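The next block holds one structure in the form of structure tokens; read it before the comments.
The values are calculated or read from the model by the stated rules, or taken from the named source; none is laboratory data. All figures in this text were calculated on a predicted structure; none of them were measured in a lab. Here the Cβ is made from the backbone with ideal geometry for all residues, glycine too, and neighbour counts use every protein chain on show. Side chains included, ligands, DNA and RNA excluded: accessible areas come from the protein's heavy atoms. Shrake-Rupley method; radii C 1.70, N 1.55, O 1.52, S 1.80 Å.
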Amino acid sequence: MDDVFARFSENRWDDFLDELDKIRVSVVDPAERQQVKATARRDAREAGTQPLLVRMAIADHYLNLLAIGVWAGDESWRTELRDLVVTLVPEDDESRDDALLSSVIAVVLAQLLQDARLRGGSEADVIARSAWEKAQEWAAYAEDRYVERLLHASTEAGARVVTASEVQEVVELATAAADDQHAETLAALEVEGLSAEVINGVWVVDGDFRNPVRAAARAITLTGYGCVLARNVRSSAVMLWHENTLAMADSKVPRWRVYPILAPVTPQSKFSGGEGLPFTRETHPLAPAPEVVRRLADAVGVNLSHLLAALR
């Protein structure tokens, strides 16, 4: 472990932010960046064995290096910072200042969520999601007085910094998630311009989108296994998805169509072609619903008769 972090080993919480100010750097010679990154990676690998204040200081040091452009053009910092924020979740018997720790976690999560989405499928999205799942409940308790001291500023080329508003978004989402199990999904749908509510286990998406089938496919890709009803003023579409099988029906073509969904295919990618529906050999009358559709409805816990009524 780098000697620079030794000052954080004495469990002096009141001095933490002042000590951080002393070790922050404003520039790294481009010729030294590879060595600086190698040292930072080594410290990150060893962080889990260190006292909590040391782990927090190492996480801030990573943010510091991002802010001065050390990782310009290199996205490997995401996995390393993800692993670091996971180490910040304290053991029950660890001494801590909850508000300060939560503020550090919120800032790190905001950095990981920059250019990433919690419900997306890119590598950055997946990394951010895994960090969020491990640490988000702590982010809800961040305090502005600490967040302000933890933010970094930089004009260096390739710099990555988060703003107070980005951290506030993380805090608000973490707070909402603590109160509402659907908060994260609702936020992801909102980003996509989809207004939704959960009614009897069905994600009901209303809007002025042109194609309810595509809206349903996008929504169910974000929400995961379950049921989506997407509707506009002219028509509606229903999708049921569980494991490797998806069934859909829309009010314009009152038949169930069943599709295999095998990774890396998603419902969104399956229905992203032209205006027509993708081909399938498995089609069934809308009612009575076939056994495969009844099984899907049971698996995701929705009332099939209500869905049929919504399509008529």
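In the set [x] 18.5; [y] 25.5; [z] 17.4, the label that goes with mean projected area of the Cα convex hull in nm² computed for this structure is [x].
Taking the Cα centre of the chain as reference, the dipole from Cβ charges on Lys and Arg (+1) and Asp and Glu (-1) amounts to some 2100 debye. LYS37: which lysines have alpha carbons under 24 Å from its alpha carbon, excluding same-chain residues fewer than 8 sequence positions away? Here the lysines satisfying the reach criterion relative to LYS37 are LYS22. Rounded is the label for the range 186-290, because a/c, from the alpha-carbon gyration tensor with a ≥ b ≥ c as root eigenvalues, stays below 1.5. Dipole of the range 194-240 computed with +1 at Lys/Arg Cβ and -1 at Asp/Glu Cβ about the Cα centre; of PRO212, CYS227, ALA196, farthest Cα towards the positive end is PRO212. Computing Rg and the Kirkwood Rh from the Cα coordinates of the range 1-130 gives a ratio, Rg/Rh, of 0.95.
To put it simply, the accessible area of the range 1-124 at a 1.4 Å probe is 43 percent carbon and sulfur. Rolling a 1.4 Å probe over the protein heavy atoms of the range 132-260, with every protein chain left in place, gives an accessible area that is 46 percent carbon and sulfur.
Determine the distance separating the Cα centre of the range 60-137 from the Cα centre of the range 151-202; give it in Å without decimals. Cα centroid of the range 60-137 versus Cα centroid of the range 151-202: 14 Å apart. Accessible surface area normalised per residue over the range 233-311 is 53 Å², counting heavy atoms of protein chains with a 1.4 Å rolling probe.
The listed peptides 102-110, 76-84, ordered by packing as a protection proxy, come out as 102-110, 76-84 (highest mean of other Cβ atoms within 10 Å first). Quick check for you: which residues of the range 246-271 have the amide N under 19 Å from the point 7 Å beyond the Cα of VAL292 toward its beta carbon? From the range 246-271, the list is 246-251, 253-271. Taken per residue, the accessible surface of the range 81-180 reaches 48 Å², heavy atoms only and a 1.4 Å probe.
Length available on full extension from ALA176 to ARG149: 0.36 nm per residue minus the Cα-Cα distance, which gives 7.3 nm.
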